[in-house]
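Below you'll find the structure, written out as structure tokens, and then a few comments.
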Amino acid sequence: GGCRHRCCPGRNNACWAAGARRARCYCDSYCERTGDCCQDYRAACRRAAVGCAVGPWGPWSGCSSPCGVGSRDRSRQVTVPPRHGGEPCPDLKQRRGCLGDDLACGAAK
């Protein structure tokens, strides 16, 4: 068995072929990390692999809390999705803490 016409992105336990001595070998891109790829994985899958590409980060949102502790978010979009076992996409969202400092906060105290 082998990976010909059977390459999967990411971790996919259903993406396997029969290997030596009836053992399973895998054709998902995660197999490179676990070391259980089929012998032809690189030739069959990595040649056609397209890694994920993302655009730039958008602006940070305003603080979620007008007074006190809150959070800000920002995101980016996938411009090229991964194909044929290419590198998966990195995080598309980020969050960080902030302190709301609306002018009304001081008056509320």
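The values are calculated or read from the model by the stated rules, or taken from the named source; none is laboratory data. Keep in mind that this is a model prediction, so the values were computed, not measured. Cβ atoms come from the backbone with ideal geometry, glycine included; neighbour counts cover every protein chain shown.
So the values come out like this:
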quantity	calculated
Residue ID - modelled with the highest pLDDT, chosen from residues in the range 77-96 that are closer than 12 Å to residue 49 by Cα and in a loop (DSSP other than H, G, I, E, B)	81
Exclusive hit being of a type in the set (Ser, Thr, Tyr) and not in a loop (DSSP other than H, G, I, E, B), set 61, 71	71
Residue in the range 47-60 that is of a type outside the set (D, E, K, R), touching a Cys at 6+ places or on another chain (Cβ under 9 Å) and over 30 Å from residue 76 (Cα atoms) present	no
Residue list for the range 10-59, restricted to those being touching a His at 6+ places or on another chain (Cβ under 7 Å) and crowded, with 16+ Cβ neighbours inside 10 Å	45, 49
